[in-house]
Amino acid sequence: MAAPVGDIGLIGLAVMGQNLILNMNDKGFTVVAYNRTTSKVDHFLANEAKGTKVVGAWSIEELCAKLKRPRKIILLVKAGPAVDSFIEQLIPHLEPGDIIIDGGNSHYPDSIRRTKELEAKGFLFVGSGVSGGEEGARHGPSLMPGGSPAAWPAIKEIFQKTAAQVNGEPCCDWVGETGAGHYVKMVHNGIEYGDMQLIAEAYDILKRGLGLHEDEIADIFTTWNKGVLDSFLIEITANILRFKDDDGEPLVTKILDQAGQKGTGKWTAIAALDAGMPVTLIGEAVFARCLSGLKEERIRASKVIAGPQKEAFKGDKKQFIDDLEQALYASKIMSYTQGFMLMRETAKELNWNLNYAGIARMWRGGCIIKSVFLGDITSAYQKNQNLESLLFDDFFNKAAHKAQPGWRRIVAQAVLWGIPTPAFSTALAFFDGYRSEIVPANILQAQRDYFGAHTFKVLLGKENAKLKAGQDIHINWTGRGGSVSASTYSA
Ligand code: NBP
């Protein structure tokens, strides 16, 4: 039998798989391609892959036979049972140390399970976030691999050469153990929801608040794209706003205001609730899409619920637009602060050694949230890998302080106009809550103890004979209740 030729195998010849194969081929790797419906292998070899080094396989057995050891096989198939089915089919043809890589949009608990199951059988598993869609897959995606650490040295060269490059650095590094790669990809998608919502709110304020035309708003976004907000999403939004329908109207004004979602933002929000972390901006971004979905109800409500009388803006427009830029920047800082806090908490819970500077670097290029801003986050975590939150980093601390006055003016003005800004507002509320030594949770604790004998702890410095430090205290608030307290636990 001929010696194996393939550096890596790939299963799943749909849009992502085909493009990633061609990309890896361009980087000098020999890829063996397989698909469940094998006619797609023939079609791919005869068309898109014609003239390349790509090798076809028409069975799992043939795919495995054509790969160099340790075998590396990427699955780019529909997330869910299809991934498990291929893993089962592959196992009889693998040897210990071989590596199965899932590059689809799998939910991280599945990747945790698959890592454990495959490692128990002597194989290695990598769950890798792949971002950037078709274009990214073809010319350089952001790749976020996690799973069995022993797999990384074997796949590192292929992954880092295939990924997008920014300033000569690959947008790919080892993320962490078990499901960490897919977890980080999920948080990436959640952050993407937040960034998109913030831009949509800025558009709404400029359109309904200042009364600007799409062309004028596009110019503002183009200017912002040269400063701290320099990012793919700001750039494409400017292009979208300039795009005209056949009658010369901006096409965007004709698009139904009902946002779709595939679920990764929701997964992030649920993960945040499970971890008990205040990832409020992503949550609001998901809920804003839910509210947008209530189109018929909103139409009816708009006829019977009046907002404030709209007053024309009398202030300094230039100053207002500068304030809005700062509000967007500061809100974005809050969103990333929250996202990294979530990753930190989960890493603690699941014993992952997450590479935070690496994560920010991976997101710098090849993906939807790519931005200059992520370079500053990389620097912050390079300076201090154990940073509690971005707001403790000098650069972001100063940036948030500088943005504060304009940010508050924008949120206040939007409230007066009756223009909803859930993402801007929650970012500011988070900032004010996070910087408060005292929050009104004392009232909540008192209420809980009053109606349910849930107990409370005493504030440091306020102890006395009745209020003892560190103890769970129950007070008979009405003189009528008993002295039995409920057991304490966190739900
Ligand atoms: P699809 O998500 O459309 O999946 C198509 C592939 O899955 C085909 O190879 C198909 O085989 C295979 N497949 C299906 Br569908 N059901 C199967 C089953 N029950 N058993 C075995 N194979 C099955 O392809 P894609 O859009 O290229 O995405 C691939 C992965 O990458 C997905 O997890 C996706 O979420 C993720 N992703 C996509 C993007 C993007 O922009 N599209 C970006 C980032 C990540 P067949 O040809 O025989 O039907």
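Things worth noting here:
- Fraction of antiparallel bridges per DSSP, segment 66-169 only, in percent to nearest 5: 45
- Measuring nothing but alpha carbons in segment 1-40 and taking Rh as the Kirkwood radius, the Rg to Rh ratio lands at 1.00.
- Peptides 131-143, 165-177, 438-450 ranked from most to least packed give 131-143, 165-177, 438-450, packing being the mean of other C-beta atoms within 10 angstrom over each peptide's residues.
- Point-charge dipole on Cβ atoms (K/R +1, D/E -1) for segment 109-193, about Cα centre, debye to 20: 240
- Overall form of segment 161-267 per C-alpha gyration tensor (a/c, 1.5; a/b vs b/c): prolate
- Shape category assigned to segment 32-80 from the gyration tensor of Cα positions, a/c cut at 1.5: oblate
- In the chain, taking the dipole from charged Cβ atoms about the Cα centre, the farthest positive-side position among 90, 175, 25 is held by 175.
- Once you divide the Cα radius of gyration of segment 368-415 by 2.2 N^0.38 Å, the number left is 1.40.
- In terms of overall dimensions, segment 96-162 has a Cα radius of gyration and Dmax of 12.1, 36 angstrom.
- Entries of 78/116; 156/383; 348/466 with Cα pairs more than 28 Å apart: 348/466
- With only Cα atoms counted, segment 1-160 has Rg and Dmax values of 14.2, 41 Å.
- Using bins of 5 Å that start at zero, the share of Cα-Cα pairs per bin across segment 337-491 amounts to 2, 7, 11, 13, 13, 13, 12, 11, 9, 6, 2, 1, 0, in whole %.
- Signed unit charges on C-beta, dipole axis of the chain, positive-most listed residue 241, 275, 154: 275
- For peptides 230-240, 363-373, sequence by mean Cβ density within 10 Å, most packed first: 363-373, 230-240
- log10 of Debye I(q)/I(0), alpha-carbon scatterers only, for segment 201-252 at 0.17, 0.19, 0.24 Å⁻¹: -0.49, -0.60, -0.90
- Protection proxy ranking for 153-164, 389-400, using the average of other Cβ atoms within 10 Å per residue and placing the highest first: 153-164, 389-400.
- The helix-only estimate of mean residue ellipticity at 222 nm for the chain, built from DSSP H runs of length n ≥ 4 each weighted as -39500 (n - 2.57), is -16000 deg cm²/dmol after division by the residue total.
- With the convex hull drawn over the C-alpha atoms of the chain, the volume per residue is 208 Å³.
- The chain: antiparallel DSSP beta bridges as a percent of all, rounded to 5: 35
- Normalised alpha carbon radius of gyration of segment 420-462 [divisor 2.2 N^0.38 Å]: 1.57
- Average projection area in nm² (convex hull over Cα atoms of segment 125-216, one quarter of hull surface): 7.7
- In segment 285-403 the Cα-Cα distances spread across 10 Å bins starting at 0 as 11, 29, 26, 20, 12, 1 percent of all pairs.
- Distance cut-off 15 Å, percentage of C-alpha pairs in segment 176-228 lying past it: 61
- Tail fraction, Cα-Cα pairs, segment 391-438, threshold 18 Å, whole percent: 33
- Each 5 Å bin from zero holds the following percent of Cα-Cα pairs in segment 408-491: 3, 12, 16, 16, 13, 10, 8, 10, 8, 4, 0.
- Positive-end ranking of 470, 415, 292 along the dipole of the chain, with charges on Cβ about the Cα centre, is headed by 470.
- In the structure shown, the pairs 370/402; 40/72; 68/370; 317/370; 318/402; 266/303 are assessed against 26 Å; a Cα-Cα span above that value is assigned to 68/370; 317/370; 266/303.
- Charged side chains reduced to their Cβ positions (Lys and Arg at +1, Asp and Glu at -1) give the chain a dipole of some 680 debye around its Cα centre.
- Rounded to the nearest 20, the Cβ-based charge dipole of segment 48-109 about its Cα centre (Lys and Arg +1, Asp and Glu -1) stands at 360 debye.
Here, each number is a calculation from the coordinates, and none is a lab measurement. Here the structure is a predicted model, which is why all the values come from computation and not from measurement. Here Cβ is always computed from backbone atoms with ideal geometry, including for glycine, and neighbour counts include all displayed protein chains.
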